[in-house]
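The values are calculated or read from the model by the stated rules, or taken from the named source; none is laboratory data. None of these values were measured; they are calculated from a predicted model. Note that we place each Cβ from the backbone using ideal geometry, even for glycine, and neighbour counts take in every protein chain shown.
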Amino acid sequence: MIMSTEKARYCREKRHEEAGFGGTIKNIGMGCGSRAGKCDQHASGKTQIDESLCRGCRSCAKVCGSDAISYPNNKAKIDLNKCKGCGRCVAACPFDSISPISWNANALLGKKMAEYTMAVVYGRPSFHISLVMDISPWCDCGGFNDAPIIPDVGMLCSFDPVALDQACVDLCDKEEKDYFKNSQLGDRVKSGAKMTGHVFHDDEPETDPDSALEHAEKIGLGSRSYELITVK
């Protein structure tokens with residue numbers, strides 16, 4: 001039962017191209033941020049082009065929501081004044097020619113999401129519900145996606161957003177051995193890529209799924225320790 005003085009927040013778990021995974025912290029920090037706040041959180045993710053790898057296929061421009069990519073000499077060029085740092089172009093490039101300028105851009109995004117989440121829930125009792133179902137390989141902020149990477153886990157809830165996200169990640173890691181063979185993760189397994197047992201990292205090794213959780217606990221948003229109570 002949710003008391004009337006509390007606000008219930010629902011989110012659907014998914015993997016995220018930059019943050020590693022999208023759960024309670026991502027959905028509150030990013031979802032409740034202003035337009036300027038969203039830009040601030042992504043600011044470290046502005047990208048650069050390795051022209052030696054770019055083939056001018058224009059896959060990156062098709063997903064860019066900022067009209068920041070042009071093609072002088074048939075090579076992609078990013079206008080950093082227009083780029084919002086969303087990272088969609090990184091995921092879209094089939095030739096790995098695009099990368100963040102900042103080496104720790106993904107970790108910085110995770111930390112900023114935790115801080116924005118703290119600003120939203122601080123002093124406001126809240127109850128969080130996560131649907132760990134149909135876990136897609138990419139964020140649903142774009143107009144494209146792929147097959148889920150692991151089977152449905154279930155629905156989790158907690159007053160602590162950090163404990164909730166940690167529990168969701170841990171349960172997803174336990175499911176990795178049952179990944180969907182036709183998924184992006186399945187393709188990585190078939191390719192012989194080394195697996196660590198951490199599903200969101202294995203699906204996209206360049207991400208830093210722990211950064212938001214570590215920073216969230218450090219700033220007092222919640223605890224990564226939890227007791228899991230199963231309700232059937």
If the requirement is being touching a helix residue (DSSP H, G or I) at 6+ places or on another chain (Cβ under 7 Å) and modelled with pLDDT of 90 or more, which of these qualifies: C60, C54, C86?
C60
Among the residues in the stretch 168-184, are any of a type in the set (F, W, Y) and out of contact with any helix residue (DSSP H, G or I) (no Cβ under 7 Å at 6 or more places or on another chain)?
no
Filter the strands (runs of 3 or more DSSP E) completely within the stretch 68-179 down to those with at least 3 residues that are of a type outside the set (V, I, T).
126-132, 154-158
Under 8 Å between Cβ atoms, at least 6 apart or on separate chains: pull out the pairs that start in the stretch 91-106 with a residue that is outside the structural domain of A212 (by TED's automatic domain parsing) and end on any residue that is assigned to a loop (DSSP other than H, G, I, E, B) and aromatic (F, W, Y).
A91/W138
Would you point out which residue out of C141, C168 is at pLDDT below 90 and either in the same structural domain as V63 (by TED's automatic domain parsing) or under 16 Å from the mean Cα position of the chain (by Cα) (or both)?
C141
Does G222 meet the test of being at pLDDT 90 or above, out of contact with any strand residue (DSSP E or B) (no Cβ under 8 Å at 6 or more places or on another chain) and part of a loop (DSSP other than H, G, I, E, B)?
yes
